[in-house]
Amino acid sequence: MAKSFPVFCSILFIFIHMILSSVEGPPRWWPPHGKFKVKCPYKKVSLKWYNGTADPCPGLYQPICGTNFVTYDNPCILCIESLKSEGRIKFYRDGKC
């Protein structure tokens, strides 16, 4: 199980990157400021079937607050949670909640 986790994270990262590169329309970058930004396609992709946790950007610590007032370690984790919630959780502000 532990050996397959890095492979799973890599596949998930590639999957998200493919989705992000195929999304059209105005950019919705999270957060608007900061060293790392994510364009999250929460209106076009649903991950509600996925109940696990994943961090496609390991090693990145850039606290970000979601509209559910939970602090996420980085925008990648917030994007995964947004996809799992079908867009109900979105970017609220930079930093901790």
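Below are the figures for this structure:
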{"item": "Residue pairs meeting the criteria (Cβ under 6 Å; at least 6 apart or on separate chains; first at positive phi, in region 62-74; second among the hydrophobic types (A, V, I, L, M, F, W, C))", "result": "PHE69/CYS97"}
{"item": "Odd one out for ILE77, checked against (1) under 15 Å from ARG93 (Cβ atoms); (2) not in a loop (DSSP other than H, G, I, E, B)", "result": "(1)"}
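Results for (1) open to solvent by 60 Å² or more (accessible area, probe 1.4 Å); (2) within 13 Å of the chain's Cα centre (by Cα); (3) modelled with pLDDT under 85, shown as yes or no for each residue.
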{"residue": "PRO56", "(1), (2), (3)": "no, yes, yes"}
{"residue": "PRO63", "(1), (2), (3)": "no, yes, no"}
{"residue": "THR67", "(1), (2), (3)": "no, no, no"}
{"residue": "PRO75", "(1), (2), (3)": "no, yes, no"}
{"residue": "GLU81", "(1), (2), (3)": "no, yes, no"}
{"residue": "ILE89", "(1), (2), (3)": "no, yes, no"}
{"residue": "TYR92", "(1), (2), (3)": "yes, no, no"}
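The values are calculated or read from the model by the stated rules, or taken from the named source; none is laboratory data. The shown structure was predicted, so the numbers you read here are calculated from the model rather than taken from an experiment. Note: ideal-geometry Cβ built from the backbone for every residue, glycine included; neighbour counts use all protein chains shown. Just the protein is used for accessible areas: all its heavy atoms, side chains included, with ligands, DNA and RNA removed. Shrake-Rupley method; radii C 1.70, N 1.55, O 1.52, S 1.80 Å.
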